[in-house]
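Have a look at the structure below before the remarks.
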Amino acid sequence: MRDILKELERKILWLSAWTIHNANHLRAEEDVVKVGGHQASSASMNAILTALYFAVLKPEDRVAVKPHASPVFHAIQYLMGLQTREKLEAFRAFGGVQSYPSRTKDIDDVDISTGSVGLGVAMTAFASLTQDYLAAKNFIDADKLGRFIALVGDAEMDEGNIFECLLEGYKHSLRNTWWIIDYNRQSLDGVIHEGLKPKFESVFRACGWDVVTLKYGRMMEAAFARPGGEQLRDWIDNAPNDLYSALTFQGGKAWRARLHADLDRQSPVGRLIDSYDDEQLSALMCNLGGHDIDLLVDTFNSIDHDRPVCFIAYTIKGMGLPLAGHKDNHSGLMTPKQMEEFRANMKVREGHEWDLFEGLEHSEAELKAFLADVPFYAKGRRRFAAAYVEPPKTLPLPTAEEMSTQEGFGRILFDLAREQTEFASRIVTTSPDVTVSTNMGGWVNRRGVFDRSEGADRFKEEKIASTYRWTQGPSGQHLELGIAENNLFIALAALGLSHSLFGQRLIPIGTLYDPFIARGLDALNYACYQNARFILVATPSGITLAPEGGAHQSIGTPLIGMAQDGLASFEPAFVDELTEIMRWSFDYVQRTGKDEKSAGWLRDETGGSVYLRLSTMPLEQPKRVLDSALKQHIIDGAYWLRPPGPNCEICIAYQGVVAPEAIKAAGFLAEDRNDVAVLAVTSADRLNAGWQAASRARRAGDRSAQSHIESLLADLPAFSGIVTVIDGHPATLSWLGGVHGHRVASLGVEHFGQSGRIAQLYEYYGLDAAAILHAAGSLVQGRPIRYLRAIR
Ligand SMILES: Cc1ncc(C[n+]2csc(CCOP(=O)(O)OP(=O)(O)O)c2C)c(N)n1
Ligand SMILES: [Mg+2]
């Protein structure tokens, strides 16, 4: 079996190097993007991936493969019949295998996407926590837990989000997680800093992990056991990274010259060195732990506990290729001549490069029998689906004369927390230390904090009065996180893929302060790229958070919401709108319409995640009952609060908490111009997406396609001007003028906010009724608007 494994290791090295060579040299004249960055980096982890996939992993296990090992991963899938030659031939090209393993773009069962270094690593930890969460609720079988394994580049360890996640993991008693560090001591730019290994080790141990070092391969160990061996080991241990790399690149002769220069030739160690010929000496010196299949398989399979383990595997970047060890090899590519030599070594005939069993010594029958028996693939594709969990048909509408959307959100959740329904049991909330300040405290009072073990509430035991009675235990439905927004988003990514990773539906709701979305933005993008499903509630937001000042006020987040793929963004002004949006979101996050092309032009069938930008400012609530048409408009992104008539000269379009200013301004305007329209925008994002989609559909021949905003603004006379207003960047709504060519004046915030009272700031930044009237004045034709001077 081990012999076959070693043959497969060579085969995978061949296939991955060939995939890259093919894309870069053979198809370079075609439209294939020519960049290396994979050959050396892939080869570095070739043995580790071979060992894992063919001899260690179980079907329940999940792996995040470091971005540049993508060709190795796909070569393994190709051997297993799960990846096609066409896709490999089109590596990095249109429709081909992705540069970095992608759950959404690749066809071969990628467990966890990687690409932006560090994020896939943390994802394994949060996927493991998700598994614990599901097991604690008996949603999955607690006896069949998988392991979550990250293959980590050593330079990847510089990413801070990894350390944030280590601390969080410690707090949640992380288990069933392995991180295998590819300690090749090279990054993208070159050879990395000396002596990181002990630092890694102490950090991991401090966070409660076991650390296993795979430094010497078995050939090395055998040499160390011979006379002079100890000295050889000392030399290896003390060799600087760059020297080791350079000698690796130069090969056997160079090794001998250097070793003889440093160690007495006539001593036992000198004789030990001379007992190897050049080729053997090179093989010996490159026989680091991370390249020794036997050692790797035995070490991985010897782990008999569920504590988290960090393996530090010494490797050589480019191992087995002529690029090995060279400091510039990250984007290095084998030349055609080198590839020919490599081909000869691998015994691969021209024209047979993609043949599965070409150049291998074992018979096809033996190899096929081996592959058919690999445990990891025994249960087929591990991409699951979960049953739809019926959301409530309607959500009880929180009522009060005045209320903020943030309060409304908290009350809706609080009401849901009372329900003993399947749906309520599938909600999981999480927040980076802002659970209370984002109004989820009541929900947590009722549903508890998740922990694998029951916790005590000392304050309760001591009968000390407190608003928050948060019991802690396996039935808890709130995952309390420390203040690290990266962790929030990666937790949402993992919880939001529960249906696909574990076959169990969760409805994750995460809260944070709106400005701090920026802190975790790459992780948010990463979650969306994987098609994770969650509801992000960002509150409070904008300069409406007046006394908090510029540090806590968000400006650009509405634009983030618009630009982020996979995320439908809303900013309701009133709680009845929010209630409808939340009800819709509970369905939207569960939608599974697949094919982008066959779906309707709005792409709503595919579903996605949702971002709600809320506010702490209490607004007087409208007294109305939403009919189904209005509900639909709220979801589609806008409705006429005051529809335009045929003589309408001015339309005020607002989004979110500035609604009262817009309404007030319309009131003033109406005293002078009796036909003033007010457009309530609940989602600039969905309006814009619909507009873009309809334009695309029309270009593709669907002449009837018309988006919601196009129909709404069709009611507005061509001579009307639109004043837009938002507590956020004005560009969010300024595009409205492009829909039918209306003139636009856009109000919003462009500069860091100030502390103050809301009215002061609205005046200062030009969001108040007076500013709206001024803007309207600049748009109307003919007689100026009266009252302008009376207002300010
Ligand atoms: C967030 C992020 N920043 C930068 C990059 C570009 N990049 C890709 S790999 C890499 C470093 C590679 O070093 P290492 O992790 O040691 O892997 P190796 O190449 O040695 O296999 C960098 C900087 C990236 N992919 N993601
Ligand atoms: Mg490296």
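The values are calculated or read from the model by the stated rules, or taken from the named source; none is laboratory data. Here the structure is a predicted model, which is why all the values come from computation and not from measurement. FYI the Cβ positions are ideal-geometry reconstructions off the backbone, even for glycines, and counts take in every protein chain you see. These area figures cover heavy atoms from the full protein model, side chains too; ligands, DNA and RNA do not enter into them. Shrake-Rupley method; radii C 1.70, N 1.55, O 1.52, S 1.80 Å.
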- Message: How far apart, in nanometres, would the label points at R603 and E279 be if each is projected 7 angstrom from Cα along the Cα-to-Cβ direction?
- Response: 5.4
- When the Cα atoms of the stretch 34-87 are enclosed in a convex hull and the volume is divided per residue, what value in Å³ results? 86
- Task: Using only alpha carbon pairs under 8 Å that are at least six residues apart, calculate the relative contact order of the stretch 632-734 and give it in whole percent.
- Result: 39
- Task: Could you work out the mean projected area of the convex hull around the alpha carbons of the stretch 215-300, in square nanometres to one decimal?
- Result: 5.3
- Probe 1.4 Å - accessible area at R10, Å² to nearest ten: 100
- If you keep only loop residues by DSSP, which GluC sites (Glu not before Pro) in the stretch 443-495 have at most 12 other Cβ atoms within 10 Å of their Cβ? E454, E462
- From zero up to wherever the largest Cα-Cα distance of the stretch 286-426 sits, split into 10 Å bins and tell me the percent of pairs in each. 8, 16, 21, 17, 10, 14, 12, 2, 0
- Message: Starting from the Kirkwood Rh over alpha-carbon pairs, what translational D in µm² s⁻¹ does the stretch 85-242 have by Stokes-Einstein at 4 °C and 1.567 mPa s?
- Response: 70
- Karplus-derived 3J(HN,Hα), 6.51/-1.76/1.60, for each residue of the stretch 518-535, Hz, glycine and proline x: 4, 5, x, 4, 5, 5, 5, 4, 4, 4, 5, 4, 7, 6, 6, 10, 7, 10
- Message: Between Q250 and R271, what's the calculated FRET efficiency when r is the beta-carbon distance and R0 is 25 Å? Round to 0.05.
- Response: 0.65
- Proximal lysines to K379, defined as alpha-carbon separation beneath 25 angstrom and excluding residues fewer than eight positions away on the same chain: K6, K11, K58, K66, K87, K105, K137, K144, K368, K594
- Task: Treating only the Cβ atoms of Lys and Arg (+1) and Asp and Glu (-1) as charged, compute the dipole magnitude of the chain about its Cα centre; round to the nearest 20 debye.
- Result: 940
- Query: lysines near K623 by alpha-carbon distance under 20 Å, same-chain residues fewer than 8 away left out - which ones?
  - Reply: K631, K664
- Message: In 5 Å bins starting at zero, report the fraction of Cα pairs in the stretch 634-706 per bin as a rounded %.
- Response: 4, 16, 20, 17, 16, 13, 8, 5, 2, 0
- Using a basic spin-label model with each label point 7 Å from the Cα along Cα→Cβ, how many nm lie between A372 and A551? 6.7
- Any idea what % of Cα-Cα pairs in the chain are farther than 40 Å? 44
- Query: Quick one: if you take sqrt(5λ) for each eigenvalue of the C-alpha gyration tensor of the stretch 711-783, what semi-axes come out, biggest first, whole angstrom?
  - Reply: 25, 14, 8
- Query: Cα-based Rg (one decimal) and Dmax (whole number) for the stretch 696-746, in Å?
  - Reply: 12.7, 38
- Note on the structure: Check: C-alpha center the stretch 229-252 vs C-alpha center the stretch 63-83, spacing in Å is 31
- Per-selection Kirkwood Rh - the stretch 650-792 (Cα, Å, 1 d.p.): 15.8
- Message: Restricting to Cα atoms and excluding each atom paired with itself, what does the Kirkwood estimate give for the stretch 175-270 in Å?
- Response: 15.5
- Simple spin-label model, 7 Å along Cα-to-Cβ: R743 to A456 in nm? 7.3
- Principal axis lengths of the stretch 379-534 from Cα atoms, whole Å, largest first? 54, 35, 34
- Kirkwood-based Rg to Rh ratio, the stretch 482-628, C-alpha trace: 0.98
- Note on the structure: Per residue, the convex hull enclosing the alpha carbons of the stretch 217-261 has a volume in Å³ of 81
- Item | All lysines inside 16 Å of K327 as judged from Cα atoms, apart from same-chain residues fewer than 8 positions distant | K317
- Message: Could you tell me the calculated FRET efficiency between V436 and T104, based on Cβ-Cβ distance and R0 = 45 angstrom, to the nearest 0.05?
- Response: 0.80
- Query: Under 16 Å from a point 7 Å along the Cα-to-Cβ line of F719: which residues of the stretch 632-668 have their amide N that close?
  - Reply: 645-651
- Where does the stretch 141-192 land on Rg(C-alpha)/(2.2 N^0.38 Å)? 1.41
- When N counts the residues of the stretch 475-564, how does its alpha-carbon radius of gyration compare numerically with 2.2 N^0.38 Å, as a ratio? 1.14
- A correct Kirkwood calculation over the Cα atoms of the stretch 9-147 returns a hydrodynamic radius in Å of 15.8
- Query: When DSSP assigns beta bridges and you keep just the ones with both residues in the chain, what percent turn out antiparallel, to the nearest 5?
  - Reply: 15
- The extension gain from H751 to I483, computed as 0.36 nm times the residue separation minus the Cα-Cα distance, is 93.9 nm
- Message: Based on C-alpha coordinates, I'd like the Rg and Dmax of the stretch 297-366, in Å.
- Response: 17.7, 48
- Which residues make up the longest stretch of the chain clear of chymotrypsin sites (Phe, Trp or Tyr not before Pro) that lie in a DSSP loop with no more than 11 other Cβ atoms within 10 Å, not counting the sites? 95-751
- Task: Figure the gain on full extension for Q760 and D264 (residue separation times 0.36 nm, minus the Cα-Cα span) and round it to one decimal in nm.
- Result: 170.4 nm
- Message: Would you report the distance distribution of C-alpha pairs in the stretch 561-707 as whole percents per 10 angstrom bin, up to the bin with the largest distance?
- Response: 11, 36, 34, 16, 3, 0
- Query: In whole percent, what relative contact order does the chain give with Cα contacts below 8 Å and a gap of six or more residues?
  - Reply: 11
- Given the Cα-Cα distance of M1 and F163 and 0.36 nm per residue of separation, how much length would full extension add, in nm? 54.5 nm
